[in-house]
Amino acid sequence: MSFESTTVIPSASKRMNEIVAMIRLFLRDFPELNRLIAGEETSDRMIAWAVADIIADYNGTPPFIGNASIRNFPNLSMLKDGAVSQILESVAILQTRNQMQYSDGGISVSVSDKAPMLIQFAQMFRNRYEQQKIRTKSSLNVEYAFEGGGVESEYFVINGVYFSNF
């Protein structure tokens with residue numbers, strides 16, 4: 001039994017394929033482990049989409065201290081948490097769309113009823129991602145400020161006129 005992903009996205013960079021494989025390993029989404037469904041639950045392209053979406057979210061969140069990419073994202077754990085939250089939200093949408101309950105002869109069966117549990121996991125990963133994102137961006141901004149860069153606070157605009165060299 002091999003848990004290595006052999007599928008790669010031909011048009012993606014080597015780094016993206018490595019991150020997709022890492023996230024798949026974290027999710028343990030392999031045909032050998034999926035006993036109730038055939039194959040993988042989430043495609044490589046869907047995982048790559050989630051990674052790209054989280055990078056765009058990170059870059060679109062103030063302070064705007066430069067654009068991160070797949071090659072220089074500041075924290076791999078944060079990227080994983082954000083992408084996993086996106087994937088779980090997507091799977092929960094699918095589960096909700098396909099949910100069905102039926103009963104016959106006193107036996108009740110429910111199909112695709114995991115959405116509430118998936119949403120809880122997605123929120124847990126999203127909260128971790130958001131906290132890491134805020135801490136990372138704030139600390140990088142302070143670090144850049146000490147080096148002469150960084151993004152000025154709105155307090156500087158209000159109080160900056162009182163400094164002699166500005």
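The values are calculated or read from the model by the stated rules, or taken from the named source; none is laboratory data. Everything quoted here is computed from the prediction, not taken from an experiment. Reconstructed Cβ throughout: ideal geometry from the backbone, glycine too, with neighbour counts over all protein chains shown.
Here are a few things to note about the model shown:
- Members of region 136-166 that are assigned to a helix (DSSP H, G or I) and either at pLDDT 95 or above or polar (S, T, N, Q) (or both): Thr136, Ser138, Ser139, Asn141, Asn159
- Residue match in region 76-94 (condition: of a type in the set (S, T, N, Q), surrounded by 16 or more Cβ atoms within 10 Å (Cβ to Cβ) and either under 17 Å from Glu18 (Cβ atoms) or touching a Leu at 6+ places or on another chain (Cβ under 7 Å) (or both)): no
- Contacts under 6 angstrom Cβ, first residue in region 121-133 being without any contact (Cβ under 8 Å) to a residue 40 or more places away in the chain, partner in a helix (DSSP H, G or I), 6 or more apart: Phe121/Leu88; Ala122/Ser85; Ala122/Leu88; Ala122/Glu89
- Output for region 34-47, where each listed residue is surrounded by 12 or more Cβ atoms within 10 Å (Cβ to Cβ) and farther than 20 Å from Lys133 by Cβ: Asn34, Glu40, Glu41, Thr42, Ser43, Asp44, Arg45, Met46
- Filtered by the rule that a residue be loosely packed, with under 14 Cβ neighbours inside 10 Å and modelled with pLDDT of 85 or more, region 111-127 gives Pro116, Met117, Gln120, Gln123, Asn127.
- Selected residue (only one of Pro10, Pro63 is surrounded by 12 or more Cβ atoms within 10 Å (Cβ to Cβ) and modelled with pLDDT under 95): Pro63
- Note on region 1-120: enclosed helices (runs of 4 or more DSSP H) holding 1 or more residues that are of a type in the set (Phe, Trp, Tyr), under 30 Å from Ser138 (Cα atoms) and touching a Lys or Arg at 6+ places or on another chain (Cβ under 7 Å) are 14-27, 44-59.
- Number of the condition not met by Glu130 [criteria: (1) acidic (Asp, Glu); (2) modelled with pLDDT under 70; (3) under 17 Å from Asn59 (Cα atoms)]: (2)
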